[in-house]
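What follows is a set of notes on a single structure, which appears directly below.
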Amino acid sequence: MSKNDETVAERRGFLRTLGLGGVAAAAAAGSVEAAGTYDPQRADTVPPGLARKENEGERTKARYQANAADVQAFYRTNRYGG
């Protein structure tokens, strides 16, 4: 086997190892999600018993407040509407 053939074989072996490592990492990530682990940062992983329920008043209340300081600062900074 020539020197060039050896380097090609080494490169292919390296790339094959990278590919198998990626497949293994994806399989491990999929198994963790399937296990139903609780992550408080993700809404779709909260168990139904721990989910916060909104009542009718909370569900229909106005959330956007045009006169709030952060909204006024946003429009002032970006010069929208005036």
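Is at least one residue of segment 31-43 at pLDDT 80 or above and basic (K, R)? Within segment 31-43, not a single residue is at pLDDT 80 or above and basic (K, R).
Table: residues versus (1) surrounded by 10 or more Cβ atoms within 10 Å (Cβ to Cβ); (2) of a type in the set (G, A, S); (3) at pLDDT below 75; (4) in a helix (DSSP H, G or I).
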{"position": "E10", "(1), (2), (3), (4)": "yes, no, no, yes"}
{"position": "T17", "(1), (2), (3), (4)": "yes, no, no, yes"}
{"position": "A26", "(1), (2), (3), (4)": "yes, yes, yes, yes"}
{"position": "P48", "(1), (2), (3), (4)": "no, no, yes, no"}
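Kindly indicate the residue of segment 52-82 that is surrounded by fewer than 10 Cβ atoms within 10 Å (Cβ to Cβ) and basic (K, R) and also farthest from R42 (Cα to Cα) among those meeting that condition. Only one residue tops the list, namely R79.
Restricting the first member to segment 53-82 and to residues that are free of Cβ contacts under 8 Å to residues at least 24 places away in the same chain and at positive phi, and the second to residues that are aromatic (F, W, Y) and surrounded by fewer than 10 Cβ atoms within 10 Å (Cβ to Cβ), no beta-carbon pair is closer than 7 Å while six or more apart or on different chains.
The values are calculated or read from the model by the stated rules, or taken from the named source; none is laboratory data. Keep in mind that what you see is a predicted model, and the values were worked out from it rather than measured. All Cβ positions, even for glycine, are placed from backbone atoms using ideal geometry, and neighbour counts span all protein chains on display.
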